[in-house]
Amino acid sequence: MGEAAMDFEEKITTAAAQIRIAQSLYPEKKPLLLLVDEWAARGSDIKGVLANAMCLNSFVRHANRC
């Protein structure tokens, strides 16, 4: 993965860990969700397409499957 994709991956992992800590300290019946806005890279060249694919891949890896 590229450097930007690794940064994106780290941000998702960090936020998910913080959510797990908050849920353990303050148990609620409702789930706490992580939402990301404007994640897509700009440009229609191959680099932009690959960056978008890496971001989508991160989303899929971290999606909760119920």
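The values are calculated or read from the model by the stated rules, or taken from the named source; none is laboratory data. A quick note: this is a predicted structure, and the numbers were derived from the prediction, not measured. Here the Cβ positions follow ideal geometry from the backbone for every residue, glycine too, while neighbour counts run over all protein chains shown.
Residues that are loosely packed, with under 10 Cβ neighbours inside 10 Å and either polar (S, T, N, Q) or modelled with pLDDT under 85 (or both): does segment 1-9 have at least one?
Scanning segment 1-9, I find at least one residue that is loosely packed, with under 10 Cβ neighbours inside 10 Å and either polar (S, T, N, Q) or modelled with pLDDT under 85 (or both), so the answer is yes.
Quick one: in segment 34-50, which of the residues that are charged (D, E, K, R) and either at pLDDT 75 or above or on the phi > 0 side of the Ramachandran plot (or both) is surrounded by the fewest Cβ atoms within 10 Å (Cβ to Cβ)?
So, considering only residues that are charged (D, E, K, R) and either at pLDDT 75 or above or on the phi > 0 side of the Ramachandran plot (or both), the one surrounded by the fewest Cβ atoms within 10 Å (Cβ to Cβ) is Glu38.
Each row is one residue, and each column tells you yes or no for (1) touching a helix residue (DSSP H, G or I) at 6+ places or on another chain (Cβ under 8 Å); (2) modelled with pLDDT of 75 or more.
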position	(1), (2)
Leu32	yes, no
Asn52	no, yes
Ala63	no, yes
Cys66	no, no
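Does Ala22 satisfy the condition of being more than 14 Å from the chain's Cα centre (by Cα), surrounded by 10 or more Cβ atoms within 10 Å (Cβ to Cβ) and modelled with pLDDT of 80 or more?
Here the answer is yes, as Ala22 does meet what is asked.
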